[in-house]
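Written out below as structure tokens is the structure these notes cover.
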Amino acid sequence: MVVIAGRRISPQNLGAEYKRFTVTPYAGALGAVIEGVDLSQDLDEEMIAEIRRALIENLVIFFRGQDMTPEQHLAFARKFGTLNQHDQVKGMDDYPDIIEVRQEPTDTRNFGGAWHGDVTYLPEPPLGSILYAKEVPPVGGDTLWSNLYLAYEDLSPGYRAMIDPLTVIHTPAIIYGEKSMDWSKDSSVKSAPTKAAHYEVEHPLVRTHPESGRKLFYVSGAYTPRFKDQTEEESGPIIDYVMYQATREPFTCRWRWQAGDVAFWDNRACLHYALNDYYGHRRIMHRVTINGERPVP
Ligand code: SIN
């Protein structure tokens with residue numbers, strides 16, 4: 001391994017070992033741009049295996065200048081697993097497995113505007129999401145990702161030993177439950193507060209990634225209000241510190257979108273944040289999410 005700006009990166013990240021396309025690291029902490037792949041095509045197994053490896057090594061991979069139909073977007077995602085239909089947010093009428101993340105010029109709230117992982121409150125949370133930019137504002141609307149391996153590994157051994165055995169409660173209740181904001185009139189989310197969001201799932205705070213074998217945090221903003229067998233007040237200081245650590249600037253990257261860009265992130269290894277700084281402009285993205293597995297310590 002060599003160290004580049006704090007990132008543990010193997011020589012193949014630098015492009016030497018990818019046979020089918022080039023992989024160029026994008027930021028010090030995470031992210032890579034892949035060139036030489038047309039995602040609208042029926043990609044063969046070798047190509048998919050290399051894309052998967054690039055995803056695991058870089059946590060979020062970017063493809064520029066893509067031109068995909070919804071069917072091609074879904075077909076690409078299915079190469080990595082079964083698809084996840086969001087349990088609280090309605091998909092597109094003709095494509096229930098695609099969420100249209102739509103922000104109209106007069107909308108004031110946005111979808112994904114806080115650090116989180118996608119639907120981490122499911123018993124088997126997603127492997128990843130593939131976000132395709134259809135229409136973007138002239139400036140603003142960037143998305144940020146953070147590297148949860150680096151955030152965890154940067155902690156002192158004493159702090160890691162203290163948090164390693166903890167179990168976190170994940171729940172959609174704060175965002176989609178009865179006391180949440182009413183999103184039903186928003187352009188993208190269209191979900192009204194519901195009792196159905198009042199369920200809880202337990203996951204280890206520190207999980208071992210099923211493909212890399214490395215340990216990392218598994219926290220997720222408002223989806224993770226407390227530890228098992230503790231109150232929110234008791235859990236708050238550690239949860240807040242872990243979220244602060246998980247999203248510190250040196251562990252992040254920030255992508256400025258162009259229409260046709262695609263970002264594919266490993267939802268088990270990073271958090272993301274959609275900036276809401278483009279009032280007066282439209283932004284339309286299509287998101288497809290791929291099912292994952294139950295987290296293990
Ligand atoms: C999300 O999936 O949280 C939305 C990300 C974005 O729109 O940039």
Taking residue 242 as meeting all but one of (1) within 16 Å of the ligand (Cβ to nearest atom); (2) crowded, with 22+ Cβ neighbours inside 10 Å; (3) not in a loop (DSSP other than H, G, I, E, B), write down the number of the exception.
-> (1)
Long-range neighbours under 7 Å by Cβ, at least six apart or interchain, first residue more than 18 Å from residue 257 (Cβ to Cβ) within the range 13-40, second at pLDDT below 90 and assigned to a loop (DSSP other than H, G, I, E, B) | 22/15; 23/15; 28/5; 28/6; 29/6
Tally the residues that are more than 23 Å from the chain's Cα centre (by Cα) and closer than 16 Å to residue 145 by Cβ, restricting the search to the range 16-34.
-> 0
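Please find, among 62, 76, 80, the residue that is open to solvent by less than 20 Å² (accessible area, probe 1.4 Å), at pLDDT 95 or above and assigned to a loop (DSSP other than H, G, I, E, B). Give the derivation first.
Working: 62 fails: assigned to a loop (DSSP other than H, G, I, E, B); 76 fails: assigned to a loop (DSSP other than H, G, I, E, B).
One residue alone meets the criteria, 80.
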Over the range 282-297, the set of residues surrounded by fewer than 24 Cβ atoms within 10 Å (Cβ to Cβ) and over 16 Å from the mean Cα position of the chain (by Cα) is 282, 284, 294, 296, 297
Among the listed residues 50, 57, which satisfies the condition of being open to solvent by 10 Å² or more (accessible area, probe 1.4 Å), away from the ligand (no atom under 12 Å from the Cβ) and more than 19 Å from the chain's Cα centre (by Cα)?
-> 50
Does any residue of the range 176-190 turn out to be touching a residue at least 12 places away in the same chain (Cβ under 8 Å), open to solvent by 50 Å² or more (accessible area, probe 1.4 Å) and of a type in the set (A, V, I, L, M, F, W, C)?
-> yes
Give the residue that is nearest to residue 273 (Cα to Cα), with candidates limited to residues of the range 90-144 that are modelled with pLDDT under 95 and among the basic types (Lys, Arg).
-> 109
What do you reckon, is residue 218 open to solvent by less than 60 Å² (accessible area, probe 1.4 Å), closer than 16 Å to residue 150 by Cβ and aromatic (Phe, Trp, Tyr)?
-> yes
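Mind counting the residues in the range 14-47 that are closer than 23 Å to residue 251 by Cα and surrounded by fewer than 13 Cβ atoms within 10 Å (Cβ to Cβ)?
Qualifying residue count for the region: 0.
Tell me which residues, restricted to the range 186-210, are in a loop (DSSP other than H, G, I, E, B) and modelled with pLDDT under 95.
Selection gives 186, 187, 188, 189, 190, 191, 192, 193, 194, 198, 199, 200.
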Would you mind finding the one in 205, 148 that is open to solvent by less than 10 Å² (accessible area, probe 1.4 Å), in contact with a strand residue (DSSP E or B) (Cβ under 8 Å, 6 or more places away or on another chain) and without any contact (Cβ under 8 Å) to a residue 60 or more places away in the chain?
-> 205
Can you pull out the residues in the range 282-291 that are within 15 Å of the ligand (Cβ to nearest atom) and over 15 Å from residue 104 (Cα atoms)?
-> 287, 288, 289, 290
Please go through the range 245-281 and pick out each residue that is within 13 Å of the ligand (Cβ to nearest atom), among the charged types (D, E, K, R) and either open to solvent by less than 50 Å² (accessible area, probe 1.4 Å) or assigned to a loop (DSSP other than H, G, I, E, B) (or both).
-> 256, 261, 277
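The values are calculated or read from the model by the stated rules, or taken from the named source; none is laboratory data. Please read these numbers as outputs of a predicted model, since none were measured by experiment. As a convention, Cβ positions derive from the backbone with ideal geometry for all residues, glycine included, and neighbour counts pool all protein chains shown. Heavy atoms of the whole protein, side chains included, go into the accessibility calculation; ligands, DNA and RNA do not. Shrake-Rupley method; radii C 1.70, N 1.55, O 1.52, S 1.80 Å.
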